[in-house]
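The next block holds one structure in the form of structure tokens; read it before the comments.
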Amino acid sequence: MSIVKDINLAPSGRDKIDWVKNFMPVMSAIDREFSISKPFAGKKIAVTLHIEAKTAYMAEVFQRAGAEIVITGCNPLSTQDDVAAALVESGLTVYATHGCTAEEYDDYLSRALDFEPDIIIDDGGDLVNMIHTKRRDVIEKIIGGSEETTTGVKRLHALAKRGELAFPMIAANDAYCKYLFDNRYGTGQSTWDGIMRTTNLVVAGKTVVIAGYGWCGKGAAMRAKGLGANVIVTEVDPIRAIEAVFDGFRVMPMDEAAKIGDVFLTLTGDKDVIVGRHYPLMKNGALLANAGHFDVEVNIPQLEELSVSRRRVRNNVEEFLQSDGRKIYLLAEGRLVNLASGDGHPAEIMDLSFAVQFFSVSYILHSREKLENKVYVIPEEIDKKIAELKLESMGVSIDELTDEQKAYLNF
């Protein structure tokens, strides 16, 4: 039996799902084809993702392709309760409530595994971690799965490096049609959408500190610049750092950036990016936000320890009063600001990302016998097929190589 906040919210959730369907033509093309052939008939899929409208549409496409679906959230603040209710009405099993406790979150993951899935779709690696630690009883039945995020893929590689990964996983995040668009254009836009709708403050003229210049950091820096901000990048990788310099941004250590930043945005996937020594350096009114998967990039316990008081001043905004009267503001409890304070990535972007998920799972299902317990990327031809479907839906055509050109390039 599903666990959601209020089943009566379902009509609102259905409206959201129906809205995004209009802007996800690749997933709709997949739906039309595979709802007839039903390649996942008889298979159980456990999905752990941010439960919002785009995710919901993907889950329903899997359902119409024959799968039996159980879905739970991958972040306590990103579940939209009306969308969760709508999925229950569609016949899916759902364990997700917005603002659930850590204990409830773990319970929902465990309930999803009670489902005894054949395939898993993870976001951030919590489900895979639970399988390998607390729920090894379900390993034998699992064919494999896919992982949505950079953070989760790093955790998978760590497991594989130690020889502990118990089944093959596709790094959906590492497909070109995922990270080049989702991480850059999706994170770039949705992060600033979350910050702006939460604070109602101008970005132009402010000094924005972007911690981490991976694909997510590139997107966030690009959008901040477009909004008129003065952008500073902090990095630990010299290649990414010089790339940021060549892209026109100032680069410096966080110890220096802390003194001049107005808005701080972490996107590293690591912990303790902003810590105790940085807070006394910050301006009055500094805003702290995170777009990395876990709420550990901004060290909140150290901020609280240095503060005289902590109080909520707006929805998803907490004020930390310092002993000298300065106020430092934390958005969305340090969790993913684009989902905890917004609607996540645009539908057109997730159209690509979830097409990658669909074909990743399909690849796992049909290639299991030749796959080892390793981390894989979907084959290039599948990546290109997704891009071709997207271009076709946009009315964009491209050139094709002639036979002579192929011969010249030794194809």
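Sub-8 Å Cβ pairs linking a first residue in region 237-250 that is among the hydrophobic types (A, V, I, L, M, F, W, C) to a second residue that is open to solvent by 90 Å² or more (accessible area, probe 1.4 Å), at least 6 apart or interchain, are Phe249/Lys225, ordered by first then second residue.
Hey, can you tell me all the residues within region 14-39 that are open to solvent by 20 Å² or more (accessible area, probe 1.4 Å), of a type outside the set (D, E, K, R) and in a helix (DSSP H, G or I)? Hits for region 14-39 are Trp19, Pro25, Ser28, Ala29, Phe34, Ser35, Ile36, Ser37. Considering only region 374-383, I want to know if a residue exists there that is touching a helix residue (DSSP H, G or I) at 6+ places or on another chain (Cβ under 6 Å) and either polar (S, T, N, Q) or part of a helix (DSSP H, G or I) (or both). Yes, there is a match, as at least one residue in region 374-383 is touching a helix residue (DSSP H, G or I) at 6+ places or on another chain (Cβ under 6 Å) and either polar (S, T, N, Q) or part of a helix (DSSP H, G or I) (or both).
Residue pairs whose Cβ atoms lie under 8 Å apart, separated by 6 or more positions or on different chains, with the first residue in region 1-28 and within 21 Å of Ala112 (Cβ to Cβ) and the second part of a loop (DSSP other than H, G, I, E, B), are Ser2/Leu92; Ile3/Ala96; Ile3/Thr97; Val4/Ala96; Val4/Thr97; Lys5/Thr97; Lys5/His98; Gly13/Gln80. Taken over region 1-13, the criterion of being open to solvent by 60 Å² or more (accessible area, probe 1.4 Å), in contact with a helix residue (DSSP H, G or I) (Cβ under 6 Å, 6 or more places away or on another chain) and not basic (Lys, Arg) is satisfied by Ile7, Leu9. When each of Leu87, Leu127, Leu113, Leu92 is tested for being in contact with a strand residue (DSSP E or B) (Cβ under 7 Å, 6 or more places away or on another chain), farther than 24 Å from Met169 by Cα and not aromatic (Phe, Trp, Tyr), the lone residue that passes is Leu87.
The values are calculated or read from the model by the stated rules, or taken from the named source; none is laboratory data. Given the structure is predicted, the values throughout are model-derived calculations rather than measurements. Reconstructed Cβ throughout: ideal geometry from the backbone, glycine too, with neighbour counts over all protein chains shown. Protein only, heavy atoms only, side chains kept; ligands, DNA and RNA dropped before computing areas. Shrake-Rupley method; radii C 1.70, N 1.55, O 1.52, S 1.80 Å.
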